[in-house]
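Peer 1: Can you keep this structure in mind? I'll have questions shortly.
The values are calculated or read from the model by the stated rules, or taken from the named source; none is laboratory data. What you are looking at is a predicted structure, and each value in this text was computed from that prediction instead of being measured. Cβ placement follows ideal geometry from the backbone for every residue including glycine, while neighbour counts extend to all protein chains displayed. For the accessible areas, the whole protein counts, side chains as well, though only heavy atoms, and no ligand, DNA or RNA atoms are used. Shrake-Rupley method; radii C 1.70, N 1.55, O 1.52, S 1.80 Å.
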Amino acid sequence: MPGILNSGQIQKLVNHEPALVSGYIDISEQLQPCGIDLTVQDIFSFTSPGRISRSNQDRLISELGALQFDHNGYIHLSAGAYLVTYNEAVNLPLNLMALVFPRSSLLRSGVSINTAVWDPGYSGRGQSMLTVFNPDG
């Protein structure tokens with residue numbers, strides 16, 4: 001399956017065992033022409049500095065503080081960077097990799113998503129950095 005998967009190919013892989021994606025809320029709403037809309041499980045603020053060096057031995061990952069959703073399921077995010085954990089888990093076969101991009105409605109709200117490549121063979125729940133650029137949150 002070279003190139004970008006279409007919704008039919010994705011649906012077949014979601015129905016396959018092991019499923020390409022699990023933990024989704026409603027696959028009929030989340031399945032898009034060439035991807036799947038991911039949903040937010042948790043949002044964390046960064047509470048300490050991190051450190052990257054030439055050696056992983058000296059690497060220090062930032063500590064996190066969990067943010068709480070209100071009784072309506074919302075969190076107001078002030079301008080800044082946050083770590084997002086998705087509801088959906090992926091199980092990538094060895095011939096597929098994945099990328100996460102923000103929807104245009106998120107960009108039009110002054111928010112962006114940054115992520116790393118999800119390599120072939122990766123299995124698990126992904127995380128991304130969500131950056132709020134909008135000064136009003």
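Peer 1: Pull up region 100-137, narrow it to residues that are of a type in the set (A, V, I, L, M) and without any contact (Cβ under 8 Å) to a residue 60 or more places away in the chain, then point me to the one that is farthest from Gln32 (Cα to Cα).
Peer 2: So the residue we want is Val132.
Peer 1: Since His16 meets every condition but one in (1) surrounded by 10 or more Cβ atoms within 10 Å (Cβ to Cβ); (2) closer than 27 Å to Val132 by Cα, which condition does it not meet?
Peer 2: Result: His16 fails condition (2) only.
Peer 1: Now for a separate question. Can you pull out every residue in region 52-74 that is of a type in the set (Ser, Thr, Tyr) and either open to solvent by less than 50 Å² (accessible area, probe 1.4 Å) or farther than 16 Å from Asp42 by Cβ (or both)?
Peer 2: Within region 52-74, Ser53, Ser55, Ser62 meet the criteria.
Peer 1: Of the residues that make up region 28-43, is at least one under 23 Å from Ile10 (Cα atoms), over 16 Å from the mean Cα position of the chain (by Cα) and not in a loop (DSSP other than H, G, I, E, B)?
Peer 2: Yes, because at least one residue in region 28-43 is under 23 Å from Ile10 (Cα atoms), over 16 Å from the mean Cα position of the chain (by Cα) and not in a loop (DSSP other than H, G, I, E, B).
Peer 1: If Tyr86 passes every condition in (1) within 30 Å of Asn15 (Cβ to Cβ); (2) hydroxyl-bearing (Ser, Thr, Tyr); (3) in a loop (DSSP other than H, G, I, E, B) but one, which one does it miss?
Peer 2: Result: Tyr86 fails condition (3) only.
Peer 1: Tell me, yes or no, whether region 69-91 has at least one residue that is in contact with a Gly (Cβ under 8 Å, 6 or more places away or on another chain) and among the acidic types (Asp, Glu).
Peer 2: So far as region 69-91 goes, yes, one or more of its residues are in contact with a Gly (Cβ under 8 Å, 6 or more places away or on another chain) and among the acidic types (Asp, Glu).
Peer 1: Another one. With respect to Ser48, is the statement that it is without any contact (Cβ under 8 Å) to a residue 40 or more places away in the chain, under 19 Å from the mean Cα position of the chain (by Cα) and open to solvent by less than 70 Å² (accessible area, probe 1.4 Å) true?
Peer 2: no
Peer 1: Among the residues of region 80-99, write down those that are more than 10 Å from the chain's Cα centre (by Cα), of a type in the set (S, T, N, Q) and at pLDDT 95 or above.
Peer 2: Listed by number, the list holds a single entry, Asn91.
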